Amino acid sequence: MITVKVGGAVITGKLRNRDGDNEIAVPKGTTVRELLEILADSFGEDLRNMIYQNEKRELRKGLRFLLNGRDIDTLEGLENVLHDGDSFFISFLLAGG
């Protein structure tokens, strides 16, 4: 097992309802895609509906997923393999003027 630190507005509120710890243990070799499923399974339908736009597990527009501070789209996307001590952050895109 490895430990990944998770955060972001979507996750933080859900974590507060549990033990307040923002780390989660996942199997070695877990990908970002698998982590999202683990988080959705752990936190329930509300979180699943915030992340996915439909039952095909297509990600909602307007969310950014950061791995160690870098957008996963600049890395290997959802297939990026996590490592012990990684930091994963879910952020909403903000726009305006």
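For this structure, a couple of remarks:
- Any chance residue 79 is under 25 Å from residue 29 (Cα atoms) and exposed (fewer than 11 other Cβ atoms within 10 Å of the Cβ): no
- Scanning region 43-52 finds no residues that are surrounded by fewer than 16 Cβ atoms within 10 Å (Cβ to Cβ), under 20 Å from residue 3 (Cα atoms) and in contact with a helix residue (DSSP H, G or I) (Cβ under 7 Å, 6 or more places away or on another chain).
Read the figures in this text as sums done on the coordinates, not as results from a lab. If you're wondering where the values come from, they're calculated on a predicted model, not measured in any experiment. Ideal geometry is used to build each Cβ from the backbone, glycine not excepted, and the neighbour counts take in all protein chains shown.
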